[in-house]
Amino acid sequence: MKIRRSERLIDITHYLLERPHTLIPLTFFAKRYESAKSSISEDLGIIRRTFATRGTGILETVPGAAGGVRFIPTISEEEAKQFITEMTVRLAEQSRLLPGGYVYLSDLLGQPEVLRQVGRLIATQYVDQKIDAVMTVATKGVPIAQSVSMYLNVPFVIVRRDSKITEGSTVSVNYVSGSSERVEKMELSKRSLPRGARVLVVDDFMKGGGTVNGMRSLITEFEAELVGITVFAESTFDGPRAIDDYTALLSVDKVNSQSDTIHVKAGNYLQRAFKH
């Protein structure tokens, strides 16, 4: 059924937003709206310019008979700065301080709007790299991994610290917890990662980096490739970390348990994601 151009623009935009990193042939839209390819191309030009102006993302054109358009979600540097600044304020709230220098995050990472923005930020950092899977460890990193995987349109896999019969055969590794210095175990289903997969590791909070280092060891066991590591927040840590190449959106650099005060600043995300 032929529809008006305004309705067509809305429907194309919605279709693209719902299918990030998916190549869609122009012929699909032409048949869907009973319109000429030239008209569809004009529509896509309008959408492309709007996405670029608003910082929504990139509308990539792939030429050739097998080509089409692909929507790549991103976030602008200005919007990323605004979000990180807001999070530094919210994370510094006095009531968030937990024993051991940890910071309570569950309420923030349970809010859809926060998760949506975190997913966009992390996906933007890896927009130019091929990612086959997003990995995290149960349980608090799961919503972050799900959000990132949605924007990258790839699966996410969950590493567990205990056996689940529903996971089938697993691969396990021992690792040293960076904060407690205990030897612990984590495992992942053998069906989770194919050999050679390019993996992005995400997590909610990092102190010594032992957990993230354990996931790096698991990736090696699967003969897969670690592409990058990004955490929502890191904290100061006495001694060397188990990893040194990572990105943090936020950094908890000062914690005073006596006065119950937390000082939070921006992590290294902005420097690493927006290289000028």
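Figures for the structure shown
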{"read-out": "Rg and Dmax of region 1-154, Cα atoms only, in Å", "value": "19.0, 64"}
{"read-out": "Gain in span if fully extended, ASP253 to LEU23, counting 0.36 nm per residue against the direct Cα distance", "value": "78.5 nm"}
{"read-out": "Per residue convex hull volume, Cα atoms of region 36-124, in Å³", "value": "121"}
{"read-out": "Cross-link reach list, lysines versus LYS207, counting only Cα pairs under 16 Å and skipping chain neighbours closer than eight places", "value": "LYS140, LYS254, LYS265"}
{"read-out": "Region 1-67: chymotrypsin sites (Phe, Trp or Tyr not before Pro) in DSSP loop, at most 12 other beta carbons within 10 Å", "value": "none"}
{"read-out": "Distance in nm between pseudo-label sites at GLU34 and GLN271 (7 Å out along the Cβ direction from Cα)", "value": "5.9"}
{"read-out": "Computed E for ASP244/SER169 - FRET, C-beta separation, R0 30 angstrom, nearest 0.05", "value": "0.35"}
{"read-out": "Rounded Å value of the spacing that divides the Cα centres of region 63-104 and region 160-235", "value": "22"}
{"read-out": "Linear extension gain, ARG191 paired with GLU93, 0.36 nm per residue minus alpha-carbon span", "value": "31.1 nm"}
{"read-out": "Neighbour cut-off at most 11 other Cβ (10 Å), DSSP loop, trypsin sites (Lys or Arg not before Pro), region 91-181", "value": "LYS130"}
{"read-out": "Contour minus Cα-Cα distance for GLU42 and GLU225 (0.36 nm per residue)", "value": "61.8 nm"}
{"read-out": "Square roots of 5 times each gyration tensor eigenvalue, C-alpha, the chain, largest first, Å", "value": "38, 24, 15"}
{"read-out": "Theoretical FRET efficiency, 1/(1+(r/R0)^6), r = Cβ-Cβ of ALA65 and ARG4, R0 35 Å, to 0.05", "value": "0.75"}
{"read-out": "Globularity ratio of region 5-73, using Cα Rg and 2.2 N^0.38 Å", "value": "1.00"}
{"read-out": "Student exercise, region 5-73 dipole from Lys, Arg, Asp, Glu Cβ charges, in Debye to nearest 20", "value": "80"}
{"read-out": "Computed helical MRE - 222 nm, the chain, DSSP H runs ≥ 4 contributing -39500 (n - 2.57), nearest 500", "value": "-11000 deg cm²/dmol"}
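Computed from the coordinates by the stated procedures, all read-outs in this text should not be read as laboratory data. No experiment lies behind these values; they were computed from the predicted model shown. Because the Cβ atoms are built from the backbone with ideal geometry, glycine has one as well, and the counts that use them run over all protein chains shown.
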